[in-house]
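Peer 1: Before anything else, here's the structure in question.
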Amino acid sequence: MTPETGTVVRRLRKGMADGVLSFPLTSFHDDGSLDPDGFRAYVAERIATGPGAVFPACGTGEFFSLDEDEYRQVVTITVEEAGGRVPVVAGIGYGWAQAVRFARIAEEAGADALLVLPHYLVTAPQDGLVAQLEQIAARTRLPLIAYQRGQVAFSVASVKRIADIPTVVGLKDGHSDLDRLQRLTLAAPEDFLFFNGAATAEIQARAYATVGVPAYSSAVHAFAPEIANAFFTAFQGGDDGTVDKLLRDFYVPLVELRDRVPGYAVSLVKAAARLRGCPVGPVRAPLTDPSAVDLADLELLLAAGLDLVGAAL
């Protein structure tokens, strides 16, 4: 690990202990075009709430729908608004050649590290998963965090191999296979970072913590940082009563609503942000905005969640 990479790892580790990992939405105008001014205002508000790190242009930020110029604007604005206060980890993805194009843009924009999203379409053998990271690492100086989800699932042997790549510093897990994850954490070096990347990660925060992975990404932070931060504080402080209440009365109903329609993991989050007055606009196809019925249910749930933590809609 280079001194520069080590510095980023230390900043991320401190951030993981101090706050949730924030994955901001990307702002679009009603016609679907990028809204840079809206995004600047929105991401500045997210950063002001004290996340441990901010991850622009990832899944919640609709990375898959951004062209390279839009991506550059999103990452640049995030770096400018962060102003060095929190680490900025930009998403990259597709095959390694395209991922490298995004990596170079993120590096030029001043990002601190990169989250390597699952590659496109094909199921690959373990040697190929490792090679994907090797190819990217050979072409950017930025530290890399691998994201296993969908068709990407690293074996114990592969985690050992990617941990030997000097700039691969961590793994975000979206599979929630805790038996497998425990084996991975035990096989990795002590300074290797692990993140809970399950959908609505707070639901599984306790379970992940039992295998040594307390850090998690929070989609709720994208629209209700008051709720996300209240949960984080209670979780970190061992306040089981507050954790149970937030899970029972907000997070579990949110997951049930999310599961009604494919893509709601992003669409509902964006709709909730709009309900809070955030300038994020609609989702881009192939996602769809929530129906009127689901939006009404979301508004009631959001109000109830904010009431739980003494915040206003």
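Where a number appears in this text, it was derived from the coordinates with a stated rule and is not lab data. Remember, predicted model here, so these are calculated numbers, not experimental data. For neighbour counting, all protein chains shown are included, and Cβ atoms are generated from backbone atoms with ideal geometry for every residue, glycine included.
Peer 1: Set the Förster distance to 25 Å, then compute FRET efficiency between Glu80 and Glu134 from the Cβ-Cβ distance, nearest 0.05.
Peer 2: Efficiency, from the Cβ-Cβ distance: 0.20.
Peer 1: Which angle between 0 and 90 degrees, to the nearest 10, do you get for helix 126-137 versus the longest principal axis of the chain when only C-alpha atoms count?
Peer 2: Long axis of 126-137 versus the principal axis of the chain: about 90 degrees.
Peer 1: What is the gain in length, in nm to one decimal, between Glu45 and Ser155 on full extension, counting 0.36 nm per residue of separation less the C-alpha to C-alpha distance?
Peer 2: 35.7 nm
Peer 1: Same structure, new question: Mind checking which of Ala219, Leu171, Ala188 is farthest towards the positive end of region 3-224's charge dipole, using Cβ charges of +1 (Lys, Arg) and -1 (Asp, Glu) about the Cα centre?
Peer 2: Farthest towards the positive end: Ala188.
Peer 1: Next question, about the same structure. Where nothing but the Cβ of Lys and Arg (+1) and of Asp and Glu (-1) is charged, how large is the charge dipole of the chain around its Cα centre, in debye to the nearest 20?
Peer 2: Once rounded to the nearest 20, the dipole reads 760 debye.
Peer 1: Still on this structure: How long is the gain from Asp127 to Ala311 if the chain were fully straight, where each residue apart is worth 0.36 nm and the alpha carbon distance is subtracted?
Peer 2: Computed gain between Asp127 and Ala311 is 61.3 nm.
Peer 1: Quick check: from the Cα gyration tensor, does region 1-139 come out rounded (a/c under 1.5), prolate or oblate?
Peer 2: oblate
Peer 1: Quick check: the distance between the Cα centres of region 121-169 and region 214-255, to the nearest angstrom?
Peer 2: Here the answer is 30 Å between Cα centres.
Peer 1: Ok, one more. Lys/Arg Cβ at +1, Asp/Glu Cβ at -1, dipole of region 3-224 taken about the Cα centre: which of Ala57, Phe154, Leu144 is farthest positive-ward?
Peer 2: The listed residue farthest towards the positive side: Phe154.
Peer 1: So which residue, out of Gly174, Gly61, Gly83, gets the largest mean-square fluctuation from a GNM of the chain using Cα contacts under 10 Å as springs?
Peer 2: In the Gaussian network model the winner is Gly83.
Peer 1: Out of the DSSP beta bridges found with both residues in the chain, what percent are antiparallel (nearest 5)?
Peer 2: Here the share of antiparallel DSSP bridges comes out near 5 percent.
Peer 1: Sticking with this structure for a sec: For region 126-255, taking Cα atoms only, what is the radius of gyration to one decimal and the Dmax to the nearest whole Å?
Peer 2: When restricted to the Cα atoms of region 126-255, Rg and Dmax are 16.0, 48 Å.
Peer 1: When the chain is fully extended, how far beyond the present Cα-Cα distance does Glu299 get from Asp18, taking 0.36 nm per residue of separation?
Peer 2: Here the answer is 98.2 nm.
Peer 1: Using a 7 Å offset from the Cα along the Cα-to-Cβ direction at both Glu4 and Val255, what is the distance between the two label points in nm, to one decimal?
Peer 2: 4.1 nm
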